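Contents: one structure, followed by commentary.
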Amino acid sequence: MAHAASSSSDLPAEPVIARLSAHPGVRRFPGKKLTLFQLSGFLDAELCAAICRRIDERREPSAISGHQTGERIRTSETCHFDDTDPLAREVESRIADLTGLDLSHGEPMQGQHYAVGQEFREHIDHFLPAQPDYEKHTQVPGNRSWTVMIYLNDVAAGGATRFRAVDKIIRPERGKLLAWCNLDSAGNGNPHASHCAMKVRAGEKYVITKWFRERPYGWLNEAGDVVLRGRGT
Ligand SMILES: O=C(O)CCC(=O)C(=O)O
Ligand SMILES: [Fe+2]
């Protein structure tokens, strides 16, 4: 069952798109190439500040799962939130309420911190079948279908998120949420979802990243059994 590396998804995009589209204040990027939404003021200043403090307590140099090419395309620092962290639980429930995305499909929430000069160069969030570790990353949970990102502060200069293929640049703004779909309706990666975090030129930048999979998030243990993260809605 979970051993079959299929692209089948239990998480159709249509209801998520309909729910986001109906939410007051949500703006959708026009055109059919990329399904991308943004919502200003999703998190208030106080919650953003508390999350930034947590990221500062726990951040360490970022790894890039599935995208290792030998060069460092991501120079930021990452904070892996514990599933039991009340801040992560609060943000995750708000994301689920807004999008209808099922938290059982979610990877644990991450925070990123970029100092001046740090960036995340052009990349895709989903995994490509040609990658050597594709099976390992996708066998149980499938691919990364949605990315939800939240800016936690205003950045003095730089630090925008750029989707070059569709000529869209999004400036960081405290509390603003982005949500985009990485896969097309057949479950294949959408090349137009490729993006980068441009270098921070002044100040610093904090974001939350939360990835959702096609199927409930889990992995195989050493005995080959499926272990699920087990975070319900
Ligand atoms: O920080 C950003 O603007 C983008 C982050 C990103 O692309 C990622 O974490 O995958
Ligand atoms: Fe990304």
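The values are calculated or read from the model by the stated rules, or taken from the named source; none is laboratory data. Since the model is a prediction, treat every value here as computed from it, not as a measurement. Virtual Cβ from ideal backbone geometry, glycine too; neighbours counted across all protein chains shown. What goes into the accessible areas is simple: the full protein's heavy atoms, side chains included, and nothing from ligands, DNA or RNA. Shrake-Rupley method; radii C 1.70, N 1.55, O 1.52, S 1.80 Å.
Miscellaneous remarks
- Angle between the chain longest axis and helix 13-22 axis [Cα atoms, degrees, rounded to 10]: 30 degrees
- With an a/c value of 1.5 or above and a/b not larger than b/c for the gyration tensor axes a ≥ b ≥ c computed over the alpha-carbon atoms, region 84-147 is described as oblate.
- Assuming charge only on the beta carbon of Lys and Arg (+1) and of Asp and Glu (-1), the dipole of the chain about its Cα centre is about 860 debye to the nearest 20.
- Ordering of 176-184, 206-214, 17-25 by packing is 206-214, 176-184, 17-25, highest average first (other Cβ atoms within 10 Å, averaged per residue).
- Whole-number Å³ per residue for the convex hull built on Cα positions in region 39-184: 132 Å³
- For the chain: accessible area per residue (Å², 1.4 Å): 47 Å²
- Relative contact order of region 55-193, taken over Cα pairs closer than 8 Å and 6 or more residues apart, is 20 percent.
- Long-range Cα-Cα pairs in region 141-233 (distance over 24 Å), rounded percent: 36 percent
- Amide H contacts of LEU183 (H built 1.01 Å from N, under 5 Å, at least 5 apart or other chain): ASN190
- Taking the charge dipole of the chain about its Cα centre, with +1 at Lys and Arg Cβ atoms and -1 at Asp and Glu Cβ atoms, the residue from ALA160, PHE127, GLY111 reaching farthest to the positive side is ALA160.
- Cα shape, region 23-113, gyration tensor, a/c 1.5 rule: oblate
- Modelled FRET efficiency - R0 35 Å, ARG53 with ASP97, Cβ distances, 0.05 increments: 0.90
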